[in-house]
Every structure is written in C-alpha cells, then in structure tokens.
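The next block holds one structure in the form of structure tokens; read it before the comments.
The values are calculated or read from the model by the stated rules, or taken from the named source; none is laboratory data. Quantities reported herein were computed from a predicted structural model and do not represent experimental measurements. Backbone-built Cβ (ideal geometry, glycine too); neighbour counts: all protein chains shown. Surface accessibility is based on the protein's heavy atoms, side chains included, excluding ligands, DNA and RNA. Shrake-Rupley method; radii C 1.70, N 1.55, O 1.52, S 1.80 Å.
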Amino acid sequence: MHMKKLQTLRRSPLAILAGGSIWPIMKFLFQRGLVAAALIALATPALAEEHLGAAAAAADTAETVYERWQAAPTTVFDAAEVDPSELQWVLRPLVVFADTPNDPRFRQQMDLLMADIDQLIERDVILITDTAPEAESALRIQLRPRGYMMALVAKDGRVALRKPSPWSVRELTRSIDKMPLRQQEVRDRRQVQP
C-alpha cells in the first residue's frame, strides 16, 4: 500500500509544492515519529523508497501495548513505551516508580507483584515500571512521583491509589474489587456464566 505512494513520490519529488499526493506519506511518517524519513522523502525520493519500505513495513506490523499484553499478560512494560490514553477503559495500569532499579522498595514491590501476578491479570491490571526519572515518560509527568511510588490507575483514567511503600497483591486486589467498574465487571461475568 505504501509502496504505491512512494512510487508517486519518486515520479514527482516536488508534488508537495504542486499540492500533489505527498501529504499522505508525510502524515504517515510524522505520526510514527519518522521525521528523518520524512526529510529523506522530501530531499531524495530515490533513497526514500529504499529507507521507507522497511520503515512502513515495520510500522504496519507494530502491535499496541494492549495487544502485547493480551499475548503475554505477565509482561512488565516500561513506562517509556506506554501511552496512558491507549489503556483507558481497557486495562488498569499499575505503575511502580523508582529513581533506580536498585531501590530496595522497588525490588520488594516487584517481588510481591510477580509472586501472585495471576490475581492482577484476572482484574485486567497491566504492570508498568519506570526507573528512569530523566526520561520523563508520559506516566511520570501525569503522576509526578518523588522517588519510590506505586500508583494504580483505574480504567476510567483517574488515579485510584498512590502508595509510598510496597503493597501486597492481596491489598491491591481488595482495593480493585471495591471499585464500581470492577464490581460491574463481576456482575456481568456472573450473568454470562450459566
């Protein structure tokens, strides 16, 4: 599909000035953060086909965080690769922050979570870590942790829980089970099952 657009670009490198069909290509590239590829496409259309063919194929096969979680729900995701808006109304992000992965509270929390992760998966919880304050992930900007912090975000996007010390899965599941949306999920599952 994208190769056809690239052929149009090769035939008409100045199509952008004439209002031609280069804009869909540029939009495609900029949406995927391929700014360098967009500049190559403008400067040298012959190189663009070579460079963009692989980039377009990779972008088309990329899975969302939700799709990756569905395939392997025990995966621990890095906050840098997660867009919180993608998870809204689908999953409950449980984000564990620390200034370093060597923080004893961070390690203790991860051990507690991984020991009983099945209980979290049953409640649509995605486990996300952020141990790089300098990276300023979207979740770090949104939740503003200071040092170690664990935050549970509800499916509706509101922060349901912030804790400055490690919590067990039992304590977390009790908090989740008190949420109105979780109670509705349980009622819906009971109605579906005979």
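Placing +1 on the Cβ of every Lys and Arg and -1 on the Cβ of every Asp and Glu, with nothing else charged, gives segment 73-115 a dipole about its Cα centre of roughly 220 debye.
Amide H to amide H, with H built 1.01 Å from N, I126 comes under 5 Å of R92, L94, counting only residues 5 or more places away or on other chains.
Run the numbers for E171 and Q183: contour at 0.36 nm per residue of separation, minus the present Cα-Cα distance, in nm. Show your work: numbers first, answer last.
On the way: separation 12, 0.36 × 12 = 4.32 nm, distance 1.64 nm.
Answer, rounded to one decimal: 2.7 nm.
In this structure the amide hydrogen of D99, modeled in the peptide plane, comes within under 5 Å of the amide hydrogens of Y148, none closer than 5 places in sequence on its chain.
Within the accessible area of segment 98-194, the carbon and sulfur atoms contribute 48%, probe 1.4 Å, all protein chains present. Applying the Karplus relation 6.51 cos²θ - 1.76 cosθ + 1.60 with θ = phi - 60° to segment 98-107 yields 3J(HN,Hα) values of 7, 7, 8, x, 8, 4, x, 5, 4, 4 Hz, where x marks Gly and Pro.
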